[in-house]
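First the structure, in the form of structure tokens, and then the observations on it.
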Number of protein chains: 2
Amino acid sequence: MAPEWLKSYKRSYLQGDMSAGIIVTIMLIPQSLAYALLAGLPPQIGLYASILPLIAYAVFGTSMTLAVGPVAVASLMTATALTPLATPGSSEYTFLAMQLAMFTGVIYLLCGVFRLGFLSHLLSHPVINGFIIGSAILIAISQLKGILGVSIPNGSVVDTLSSLYASLGLINYPTLYIGIASIAFLFYARNGLASLLNKLGLSKEQAGLLTKLAPMVVVIISTLLVGTNDWAGVLGVKIVGSIPEGLPSLSYSLPTVAQSKSLLMPALLIFIVGFIESVSVAQSLALRRQQKIKPNKELFGLGAANAASALSGGYPVVGGFARSVVNYAAGANTPLASIFSAVLMLIVLLGFTGYFFYLPHAVLAATIIVAVLGMVDFSTVKHTWKYSKADGLSLLGTTLTVILVGVEPGILVGVSISILSYLWNASHPHIAIVGRVEGTEHFRNIERYSVQTLPNAVFIRIDENLFFGNIQAVEETIHSVLHQHPEVQNIVILGPAINSIDSTALEVLCALNTQIGAMKKKLHLAEIKGPVMDRLRGSDLISELTGNNFLHAYEAFEALARRA
Amino acid sequence: MAPEWLKSYKRSYLQGDMSAGIIVTIMLIPQSLAYALLAGLPPQIGLYASILPLIAYAVFGTSMTLAVGPVAVASLMTATALTPLATPGSSEYTFLAMQLAMFTGVIYLLCGVFRLGFLSHLLSHPVINGFIIGSAILIAISQLKGILGVSIPNGSVVDTLSSLYASLGLINYPTLYIGIASIAFLFYARNGLASLLNKLGLSKEQAGLLTKLAPMVVVIISTLLVGTNDWAGVLGVKIVGSIPEGLPSLSYSLPTVAQSKSLLMPALLIFIVGFIESVSVAQSLALRRQQKIKPNKELFGLGAANAASALSGGYPVVGGFARSVVNYAAGANTPLASIFSAVLMLIVLLGFTGYFFYLPHAVLAATIIVAVLGMVDFSTVKHTWKYSKADGLSLLGTTLTVILVGVEPGILVGVSISILSYLWNASHPHIAIVGRVEGTEHFRNIERYSVQTLPNAVFIRIDENLFFGNIQAVEETIHSVLHQHPEVQNIVILGPAINSIDSTALEVLCALNTQIGAMKKKLHLAEIKGPVMDRLRGSDLISELTGNNFLHAYEAFEALARRA
């Protein structure tokens, strides 16, 4: 069962795939070490999560350029989920991280089998943006201890900030200088270096790619400086230390029931966030080359990647934004680029982990801080707020809850706000009383236009699907009309914008019809759409309708005008 | 601040109000005792909840005929909420019941202040119906112990049934005979008696009203029989015993924080269920007389009634269906009828509670069973299932969860199912590719009609509001079209059924517009409604639209036909 892309592989693809594979690997080495640190795991776990998952996705995924592996947000979520369950860095913690990847993978696969990809649509952009901003700030704050060279326990953002404040006397200044220098260089690389290289004659694309190598440059320079001067021993700079060489053992043992229960919810949230990030990146890259990804198949590709991560001792993986874009820009034509990356990471793991012995933690912390702050875009907040207060609130609510309460409550609050605000909107439908534009077949709002009306009939147009949440509003409007205009004999509901009627709405309409009949008046329908009428046929509303079911509003208008 | 109805009171109203007040009181006496029993409270609490609340609602409510007081479902919910917190019948339990009424009242009042009445719309009819059926079955099962004359602890339905089975050897047969005879008579009164009385010369309405007095008849006969023959002493028939005479003391003391926490959720659910029942009854009765109730003011009326119940030692009250209908049919013209009822109940409480000493519990249990089984209507289940499988599922899911798990989880499950199924529907919008009906300005689905299309343009009509839940489906459709028909240069989105676009949908449309532009193709809009366009103006979608923003589909068709 060779993947599609392999069957139609062309020799001309090879160069692009190879160079993309190399460039992504150079990005991936510091990131995988840093994100493992962020997740509270030993550094080699980041390397493990960067080998088999890439191959699994290459075989089962549908995107040509998505780069799967450890990412910042999923690492933070892993740390949040596991810190209450075990001591970070312990073997139990590592075991649970591996289980979390397996749970995430199984959820992906189950959603793939039951075609539940639509669940991920429950997260609106404001929630996702709010979540990313909140997580980025949370991650940046959590890495300050690495820059300052102090040890503080994991905890809430308030605890972390107060512990940092209390530790200000214990700052390791050499570490701080390394951290600040790294941050400064990485920010410069992100913002100024590209235009400098551009001026020096490199193409814009080449310059952009080169700047992505900056973290690796910082890693090499800092490791050399710390190693040759023994800053770890002399100045107390905290370093990565020995990373076990060699392959992870491929194995899996079942978690306990209690562990499973505590891992289920975090795995579900990592799945939702990871799936949305992966699919949206994959989709936007595919479209630029007129390719297509299949979201339901992506569930299998990403599920296989997470299961592979679990089997090889890793932790949850995601198709990340930054590396995927680099992979694309560096010329990746097929997932062979990721397979090259995996092979290169394997080589690093087999023989080169010793080279990272003197790598300072502060550099990894700096890499994380610069990466996550790059994800924060405050103009989005402004735009969202301007377009819709409800969406702005769900963004800010999510951000604040993520920062002050936690990652998981943040998502839940955001989802609740966005669902409630959607329901609120749908529960307050636009209902217009309309009249006929003289001499035409068009009907317009009587409050906005000068239109013809009939003394014995009111035409009500409802611009929303009728469901349990808004049918009361419709009922109240009709009651008001009947109460205020006792002379009205006919109520006409116009339904050109009604796409569905649920059984609650149907029952209320039936009751209204009966009530209107008891008053010796009539309820009419007009312009009900085909699919809606298909379902209404056979219901009491149609069989006992006191008035008529008109195809067009003007038909109703003319018929009722004759009766006036 | 005299209520509206009192200012315009006419002398001719008096007779109707008095006779309605008397008939409702005769119904209310056995019901208030029985429902207090169901709620796990001493019988006098039911009487307390039938005096001040009626007066409070008469002053602050807006319905002319709603009869407020203890009802079956709220009594069950009270028992469910309080049983884990205190021993039924104890003074702590009674104290908590009073607090529950206060919490419920405060929630009503807060929702009134913040105009949150719309929250009650989150319960769809299938959920309400499923809830009523489940509660009725649960209540009926809980009363079997009263009919059998055995004592078993409160518990889940499975526990209750197995305890009943284990107690079959302990049945008190005289109690069982009284219970069965009462049930039989009450069922006959409900179904056969009215037509008999009708044949005997009474009008249909008079006959209907007379049958409502059946519970009082059973109460009187059974009390006389048990009292004169001392069946309680001789045969062990369980009786109500002494009910303290005299007024409840008007007082209120605050609950502890722990008590408040456990009462909040039950009070919220009692509020939601009670508000929906009260408003729907009030509304349907008001409409029959061309009157109008104001749902937001009802929040104050019902809130005042519950607070009054709490202050006078009662428990949560609701505007009940059965008594309100009787009140209406017996000729109540204004809330003065309820004030008469309250005064009569007060007289009973002051001097006549001794008359209920020999009233057997089995009769109260029979009253409850017949009343609640009258609320079960299986034809609703059939209708709902036939009209919509999703609505049918939320009905059955609610019923089963209520019976097997409990009242509160049942409501939560029902609400979740109905919201999810609404979101599922909205997430799977009807999207049609349309063409022009030759020679007209109408556009129809190309799969259903033979229509004109253009080689260089595709017209896509989306029959749903665009929001975070369904914009992906729109995106995927457009991606598919672009992928399958590379010759297409123009995508036209038709929006006659789009009533709103949230910021997620807007961002996706902007991204699509950019992607389509990058392919040297164009995205056009047509027939976007006024209010939607008002909000879109100023967004990137409009300012950077690659194509045109047409008023009508046929304009777009003609313009693009010229470019083809």
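The values are calculated or read from the model by the stated rules, or taken from the named source; none is laboratory data. Just so it is clear, the structure is predicted and the values come from calculations on it, not from any experiment. As a convention, Cβ positions derive from the backbone with ideal geometry for all residues, glycine included, and neighbour counts pool all protein chains shown.
For region B:406-424, filtered to residues that are without any contact (Cβ under 8 Å) to a residue 24 or more places away in the chain and not small (Gly, Ala, Ser), the residue that is farthest from A:GLU507 (Cα to Cα) is B:PRO409. So which residues in region B:1-19 are at pLDDT 90 or above and closer than 18 Å to B:ARG323 by Cα? Scanning region B:1-19 gives B:ASP17, B:MET18. Would you call A:ILE270 crowded, with 24+ Cβ neighbours inside 10 Å, among the β-branched types (Val, Ile, Thr) and either assigned to a helix (DSSP H, G or I) or within 14 Å of chain B (Cβ to nearest Cβ) (or both)? Judged against the criteria, A:ILE270 is a match. Filtered by the rule that a residue be in contact (Cβ under 8 Å) with a residue 24 or more places away in the chain and in a helix (DSSP H, G or I), region A:540-553 gives A:ASP540, A:LEU541, A:ALA553.
Scanning region B:82-116 for residues that are over 20 Å from B:LEU47 (Cβ atoms), without any contact (Cβ under 8 Å) to a residue 60 or more places away in the chain and buried (at least 17 other Cβ atoms within 10 Å of the Cβ) returns a single hit, B:ALA86. Hey, does region B:417-424 have a residue that's part of a helix (DSSP H, G or I), more than 14 Å from every other protein chain (Cβ to nearest Cβ), in contact with a Gly (Cβ under 7 Å, 6 or more places away or on another chain) and surrounded by 20 or more Cβ atoms within 10 Å (Cβ to Cβ)? Checked against the condition, which is being part of a helix (DSSP H, G or I), more than 14 Å from every other protein chain (Cβ to nearest Cβ), in contact with a Gly (Cβ under 7 Å, 6 or more places away or on another chain) and surrounded by 20 or more Cβ atoms within 10 Å (Cβ to Cβ), region B:417-424 yields no hits at all. Annotation: of all residues in region A:425-436 being in contact with a strand residue (DSSP E or B) (Cβ under 8 Å, 6 or more places away or on another chain) and among the aliphatic types (A, V, I, L, M), the one that is farthest from the other protein chains (Cβ to nearest Cβ) is A:ILE433. Note on region B:438-465: residues that are at pLDDT 85 or above and away from every other protein chain (no Cβ under 14 Å) total 13. Restricting A:GLY227, A:GLY201, A:GLY246, A:GLY233 to residues that are under 30 Å from A:SER91 (Cα atoms), part of a loop (DSSP other than H, G, I, E, B) and either touching a residue at least 12 places away in the same chain (Cβ under 8 Å) or of a type in the set (Gly, Ala, Ser) (or both) narrows the list to A:GLY246. Mind checking which residues of region B:371-401 are more than 14 Å from chain A (Cβ to nearest Cβ) and modelled with pLDDT under 90? Result: B:ALA371, B:VAL372, B:LEU373, B:GLY374, B:MET375, B:VAL376, B:PHE378. Quick check: is even one residue across region A:130-142 assigned to a helix (DSSP H, G or I) and without any contact (Cβ under 8 Å) to a residue 40 or more places away in the chain? Looking for residues that are assigned to a helix (DSSP H, G or I) and without any contact (Cβ under 8 Å) to a residue 40 or more places away in the chain, one finds at least one in region A:130-142, hence yes.
Here is the figure for region B:474-493: residues that are within 10 Å of chain A (Cβ to nearest Cβ), out of contact with any Leu (no Cβ under 9 Å at 6 or more places or on another chain) and either among the acidic types (Asp, Glu) or in contact (Cβ under 8 Å) with a residue 40 or more places away in the chain (or both) total 1. Can we say A:THR211 is free of Cβ contacts under 8 Å to residues at least 24 places away in the same chain and in contact with a Leu (Cβ under 6 Å, 6 or more places away or on another chain)? Spelling it out, A:THR211 is indeed free of Cβ contacts under 8 Å to residues at least 24 places away in the same chain and in contact with a Leu (Cβ under 6 Å, 6 or more places away or on another chain).
Here B:GLY227 does not qualify as on the phi > 0 side of the Ramachandran plot and either surrounded by fewer than 16 Cβ atoms within 10 Å (Cβ to Cβ) or in the same structural domain as B:GLY331 (by TED's automatic domain parsing) (or both).
Does A:LEU560 satisfy the condition of being within 14 Å of another protein chain (Cβ to nearest Cβ), aliphatic (A, V, I, L, M) and either surrounded by fewer than 19 Cβ atoms within 10 Å (Cβ to Cβ) or more than 44 Å from the chain's Cα centre (by Cα) (or both)? So A:LEU560 fails the test. Within the set of pairs 6 or more residues apart or between chains, which connect a residue that is under 18 Å from B:ILE460 (Cα atoms) inside region B:524-535 to a residue that is surrounded by fewer than 20 Cβ atoms within 10 Å (Cβ to Cβ) and of a type in the set (Asp, Glu) with Cβ atoms less than 9 Å apart? As it stands, the answer is B:ALA526/B:GLU555, since those pairs meet every condition given. The number of residues in region A:500-525 being more than 9 Å from chain B (Cβ to nearest Cβ) and among the polar types (S, T, N, Q) comes to 2.
Within region B:252-282, being within 18 Å of B:VAL317 (Cα to Cα) and not hydrophobic (A, V, I, L, M, F, W, C) holds for B:TYR252, B:PRO266, B:GLY274, B:GLU277, B:SER278, B:SER280. Here the helices (runs of 4 or more DSSP H) wholly within region A:1-54 that include at least 3 residues being surrounded by fewer than 24 Cβ atoms within 10 Å (Cβ to Cβ) and of a type outside the set (Asp, Glu) are A:4-7, A:14-38.
With respect to the conditions (1) more than 8 Å from chain B (Cβ to nearest Cβ); (2) more than 20 Å from B:VAL279 (Cα to Cα), A:ALA497 lacks only one, and its number is (1). Residue-level analysis places B:ALA74 among those that are closer than 30 Å to B:ARG289 by Cα, at pLDDT below 95 and among the small types (Gly, Ala, Ser).
Assigned to a strand (DSSP E or B) and either surrounded by 14 or more Cβ atoms within 10 Å (Cβ to Cβ) or at the interface with chain B (Cβ under 8 Å from one of its Cβ atoms) (or both): is that true of A:PHE468 in this structure? Considered against the rule, which asks whether it is assigned to a strand (DSSP E or B) and either surrounded by 14 or more Cβ atoms within 10 Å (Cβ to Cβ) or at the interface with chain B (Cβ under 8 Å from one of its Cβ atoms) (or both), A:PHE468 comes out as no.
Looking only at region B:176-195, residues that are surrounded by fewer than 19 Cβ atoms within 10 Å (Cβ to Cβ) and polar (S, T, N, Q) come to 2 in all. Screening B:ALA207 on (1) over 34 Å from the mean Cα position of the chain (by Cα); (2) more than 19 Å from B:ALA365 (Cβ to Cβ); (3) surrounded by 16 or more Cβ atoms within 10 Å (Cβ to Cβ) shows it passes everything except condition (1).
Every residue, every condition in (1) assigned to a helix (DSSP H, G or I); (2) over 25 Å from A:ARG436 (Cβ atoms), yes or no:
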{"residue": "A:ASN499", "(1), (2)": "no, no"}
{"residue": "A:LEU512", "(1), (2)": "yes, no"}
{"residue": "A:ILE516", "(1), (2)": "yes, no"}
{"residue": "A:LEU525", "(1), (2)": "no, no"}
{"residue": "A:ASP534", "(1), (2)": "yes, yes"}
{"residue": "A:GLY538", "(1), (2)": "no, yes"}
{"residue": "A:GLU555", "(1), (2)": "yes, no"}
{"residue": "A:ALA559", "(1), (2)": "yes, no"}
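Look at A:ILE411 and say whether it is surrounded by 19 or more Cβ atoms within 10 Å (Cβ to Cβ) and within 11 Å of chain B (Cβ to nearest Cβ). For A:ILE411, the condition - surrounded by 19 or more Cβ atoms within 10 Å (Cβ to Cβ) and within 11 Å of chain B (Cβ to nearest Cβ) - is not met. Scanning region B:422-449 for residues that are of a type in the set (Phe, Trp, Tyr) and more than 18 Å from B:ALA473 (Cα to Cα) yields a count of 2.
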